[in-house]
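Peer 1: Encoded as structure tokens, here's the structure I'll be asking about.
The values are calculated or read from the model by the stated rules, or taken from the named source; none is laboratory data. The structure displayed is predicted, hence computed values, not measured ones. Virtual Cβ from ideal backbone geometry, glycine too; neighbours counted across all protein chains shown. The protein model used for the area step is the full one, side chains on, heavy atoms only, and it has no ligands, DNA or RNA in it. Shrake-Rupley method; radii C 1.70, N 1.55, O 1.52, S 1.80 Å.
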Amino acid sequence: MEYIVGIAVVAAVVGGVLWNHRTKAAAFAGVGFEVPLPPGQVVAVISAVYCQGAKAAVRNTFSGVSVRREGPAEFVFETRLGDTGEIRITAADEAGSTVEAEATSLYIGGVLLFESGSPIWQLSKNLTHLIYRMLGLAPYAARMKRFQYALERKVTHQIHRQIQA
């Protein structure tokens, strides 16, 4: 019986590591989509959804990803661990734009939120960090990928609402 439990634990760990590496690759690959508005209007939509107002502040708090405008057609998104990504808006044709979002860097390691604690807590935290570094795990890779998909969904929904109005 203990062999079955041991095999199940090893399989779960290997599966989790493989899933995290696939999610990391997907976050770095990013998303790209086209919308039927010029770049200036798309920038205004993204700014309204993610950078302005109370809804944007609540969305940033609960998603764990904050967005800020970086240039005339660029935004930067980041997590509290330091994972970063960028959103670029370019003209696709006379009446449309292309929006591309991708992760530019992901924090590899454990979640080091507390600097104090008992010696046992410090030891367990350092061991967890070491295991994350050895296996190359990015704890917020899935959060970054979910944000990218949500960006596409929210922006296209808001643009369709504007077009229909």
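Peer 1: If you take the beta carbon distance between Ala142 and Glu94 as r and set R0 to 41 Å, what does 1/(1 + (r/R0)^6) give as a FRET efficiency, to the nearest 0.05?
Peer 2: Result of the calculation: an efficiency of 0.65.
Peer 1: If you put +1 on each Lys and Arg Cβ and -1 on each Asp and Glu Cβ, how big is the dipole of the stretch 37-95 around its Cα centre, in Debye rounded to 20? Show your work: numbers first, answer last.
Peer 2: Details: 6 positive and 7 negative charges, 74 e Å.
With Lys and Arg at +1 and Asp and Glu at -1, about 360 debye.
Peer 1: Could I ask something else about it? How much FRET efficiency would the formula 1/(1 + (r/R0)^6) give for Ser116 and Tyr149, where r is the Cβ-Cβ distance and R0 is 45 Å, rounded to 0.05?
Peer 2: 0.75
Peer 1: Sticking with this structure for a sec: Roughly how many percent of the accessible protein surface of the chain is carbon and sulfur, given a 1.4 Å probe and a whole-percent answer?
Peer 2: Values: 6120 of 9890 Å².
Solvent-exposed carbon and sulfur of the chain make up 62 percent of the total.
Peer 1: Working from Cα positions, state the angle (0 to 90°, nearest 10) between the long axis of helix 39-50 and the longest principal axis of the chain.
Peer 2: With rounding to tens, the tilt is 50 degrees.
Peer 1: Using 0.36 nm per residue of separation minus the Cα-Cα distance, give me the extension gain between Val13 and Leu130 in nm, one decimal. Can you show the working numbers first?
Peer 2: Values: separation 117, 0.36 × 117 = 42.12 nm, distance 1.54 nm.
So the extension gain works out to 40.6 nm.
Peer 1: Also, quick follow-up: Which of the following values of Cα extents along the principal axes in Å was calculated from the structure shown: (1) 63, 33, 27; (2) 62, 32, 20; (3) 63, 36, 24?
Peer 2: (3)
Peer 1: State in Å² the accessible area per residue of the chain; use a 1.4 Å probe, count heavy atoms of protein chains only, and round to the nearest integer.
Peer 2: 60
Peer 1: Note down the accessible area of Ser66, probe 1.4 Å, to the nearest 10 Å².
Peer 2: Probe radius 1.4 Å; accessible area of Ser66 about 50 Å².
Peer 1: I'd like the orientation of helix 119-135 relative to the chain: the angle between its Cα long axis and the longest Cα principal axis, in ° from 0 to 90, rounded to 10.
Peer 2: Taking the Cα atoms of the chain, the angle to 119-135 is about 60 degrees.
Peer 1: What is the angle, in °, between the Cα long axis of helix 141-164 and the longest principal axis of the Cα atoms in the chain? Nearest 10 is fine, range 0 to 90.
Peer 2: 20
Peer 1: For Asp83, Asp93, write out the residues from largest to smallest accessible area, computed with a 1.4 angstrom probe and no ligands counted. Intermediate values should be presented prior to the final figure.
Peer 2: Working: Asp83 0, Asp93 95 Å².
Sorted descending by solvent-accessible area, the residues read Asp93, Asp83.
Peer 1: Students often get this wrong: which residues of the stretch 123-165 have the backbone nitrogen under 14 Å from the point 7 angstrom along Cα-to-C-beta of Arg80?
Peer 2: Answer for the stretch 123-165: 140.
Peer 1: Hey, got a sec? Which chymotrypsin sites (Phe, Trp or Tyr not before Pro) in the stretch 77-165 land in a DSSP loop and have at most 10 other Cβ atoms within 10 Å?
Peer 2: Phe114
Peer 1: Another question about this same structure. How high is the relative contact order of the chain, in percent, counting Cα pairs under 8 Å that sit 6 or more residues apart?
Peer 2: For the chain, the relative contact order is 27 percent.
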